[in-house]
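Working notes for the structure below.
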Amino acid sequence: MELSDMIAYVRGIGSGVVATTAAHGAPQAAYLDLTATDGGELVFNARSDSRKVANIVRDGRVAVVIGGADGTTLQCEGTAVIADGPQLERCATAYAAAFPHVEPVRPGVVLVVVTLSWARHRDYRGAPVSRDVDLAVG
């Protein structure tokens, strides 16, 4: 799967499950709205005092699953950070385009950006098809 196809898929679904790891090693997952930047990063916002933000600050490794209802999924792994500086502006623009009714960053809410290291699209609507995503930008 090309990166542009993955970006369109993420933007078309608009939500997914983000899994992080708690300090004591247990998995923690949350279903939330998310989108993709033009470069293929995943972006979501979260309460700054949430478990997922504490987990990400301590250990940025995350897994994300998008889709499922239509018989397709995008499974991803990557590194998450709290967006800041120029990255924050770019990610806030992407988030606002996807969710114009939501202020991306506000008091008590941060934007998280996930740089993907691996992604695979699966289509179960017939004979299962699995395609790794080419994450190369450009």
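The values are calculated or read from the model by the stated rules, or taken from the named source; none is laboratory data. Just so you know, these numbers come straight off a predicted model, no measurement behind them. Methodologically, a virtual Cβ is constructed for each residue, glycine included, from the backbone with ideal geometry; neighbour enumeration extends over all protein chains shown. Surface accessibility is based on the protein's heavy atoms, side chains included, excluding ligands, DNA and RNA. Shrake-Rupley method; radii C 1.70, N 1.55, O 1.52, S 1.80 Å.
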Whole-Hz couplings from phi, Karplus 6.51/-1.76/1.60, listed for region 52-58; x for Gly and Pro: 5, 5, 4, 5, 5, 4, 7
For the chain: relative contact order, % (alpha-carbon pairs under 8 angstrom, 6 or more apart): 28
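Per residue, how much space in cubic angstrom lies within the convex hull of the C-alpha atoms of region 4-138?
For region 4-138, the hull spanned by Cα atoms encloses 107 Å³ per residue.
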Region 38-51 - phi-based ³J(HN,Hα) in whole Hz, Karplus 6.51/-1.76/1.60, Gly and Pro as x: 4, x, x, 7, 8, 9, 8, 10, 7, 5, 5, 9, 7, 4
Note, ³J(HN,Hα) from phi for region 112-125, Karplus 6.51, -1.76, 1.60, rounded to Hz, x at Gly and Pro: 10, 10, 10, 8, 7, 10, 7, 7, 9, 9, 10, 10, 9, 6
Projected label distance in nm at A22 and D123, using a 7 Å step from Cα toward the beta-carbon: 3.9
Over the chain: helical MRE at 222 nm, DSSP H runs n ≥ 4 each giving -39500 (n - 2.57), nearest 500: -7000 deg cm²/dmol
For the chain, accessible area per residue (1.4 Å probe, heavy atoms of protein chains only), Å²: 52
Accessible surface of H121 - all protein chains present, 1.4 Å probe, nearest 10 Å²: 10
Extension gain from T115 to V65, taking 0.36 nm per residue of separation minus the Cα-Cα distance: 16.6 nm
Accessible surface of region 1-106, 1.4 Å probe, proportion on carbon and sulfur as whole %: 54
